[in-house]
Amino acid sequence: MYVWPCAVVLAQYLWVHRRSLPGKRVLEVGAGVSLPGVLAAKCGAEVTLSDSEELPQCLRNCRRSCLLNRLPHVPVLGLTWGRISPELLSLAPVDIILGSDVFFDPKDFEDILTTIYFLLEKNPHAQFWTTYQVRSADWSIEALLCKWKLKNVHIPLHSFSADKEHLASSSLPGRHTIEMMIISLAQSDGT
């Protein structure tokens, strides 16, 4: 039940855009304790939370966060990155996919983007709003974005007042530089 700095930054982005959230269909992937998804639901979005079906404790944490925030109606699904499951196939349409700190292990990057690509293909106007911690200059998803015909737009933290030390800081050791981007389908003309 730990709220990672990336979740706080993504929640700040949602808060700044809260007036656009009522009625939006939102899916949070890799939700953990679900801060961004819970905030989106509190702001009027129709939210579904998900985490790996292989991590029942994470799914319990999602449900617990919903109950603690008086959101017992928010569905929680087991979705495992890179796996086409009945739950993934039967998902209702989405407008926004949220993911905070899902790009933490390079071995999972392609599975994550495979799942995001599948969701964006089903929902061509949807966007994936994601924050991540820069853990290594050697880690990049650029080649995978090209492979899966996805594009990304970097969102500067200062543009939504998330560059403040108290928002993206952590008591954990190490470097905690947080970045945000929005990923969507690349157009057929390559843009």
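Here are the numbers for this structure:
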{"quantity": "Boolean, Leu98 is over 19 Å from Leu145 (Cβ atoms) and within 17 Å of the chain's Cα centre (by Cα)", "calculated": "no"}
{"quantity": "Flag if Ile84 is among the aliphatic types (A, V, I, L, M) and under 14 Å from the mean Cα position of the chain (by Cα)", "calculated": "no"}
{"quantity": "Hey, Arg64 assigned to a helix (DSSP H, G or I) and either farther than 30 Å from Asp138 by Cβ or of a type in the set (Gly, Ala, Ser) (or both) or not", "calculated": "yes"}
{"quantity": "Within the stretch 84-130, tally of residues that are closer than 18 Å to Cys58 by Cβ, open to solvent by less than 10 Å² (accessible area, probe 1.4 Å) and in a strand (DSSP E or B)", "calculated": "4"}
{"quantity": "Filter result for Gly30 (within 25 Å of Ser159 (Cβ to Cβ) and either more than 15 Å from the chain's Cα centre (by Cα) or among the acidic types (Asp, Glu) (or both))", "calculated": "no"}
{"quantity": "Per-region count, the stretch 56-81, residues surrounded by 14 or more Cβ atoms within 10 Å (Cβ to Cβ) and more than 18 Å from Leu98 (Cβ to Cβ)", "calculated": "1"}
{"quantity": "Selection from the stretch 26-55 of residues that are among the β-branched types (Val, Ile, Thr) and either open to solvent by less than 20 Å² (accessible area, probe 1.4 Å) or within 20 Å of Pro93 (Cβ to Cβ) (or both)", "calculated": "Val26, Val29, Val38, Val47, Thr48"}
{"quantity": "The stretch 1-25 - residue that is farther than 26 Å from Lys122 by Cβ and aliphatic (A, V, I, L, M) and, of those, surrounded by the most Cβ atoms within 10 Å (Cβ to Cβ)", "calculated": "Val9"}
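The values are calculated or read from the model by the stated rules, or taken from the named source; none is laboratory data. Because the structure is predicted, anything quoted here is derived from the model rather than measured. Glycine gets a Cβ as well: all are built from the backbone with ideal geometry, and neighbour counts include every protein chain shown. For the accessible areas, the whole protein counts, side chains as well, though only heavy atoms, and no ligand, DNA or RNA atoms are used. Shrake-Rupley method; radii C 1.70, N 1.55, O 1.52, S 1.80 Å.
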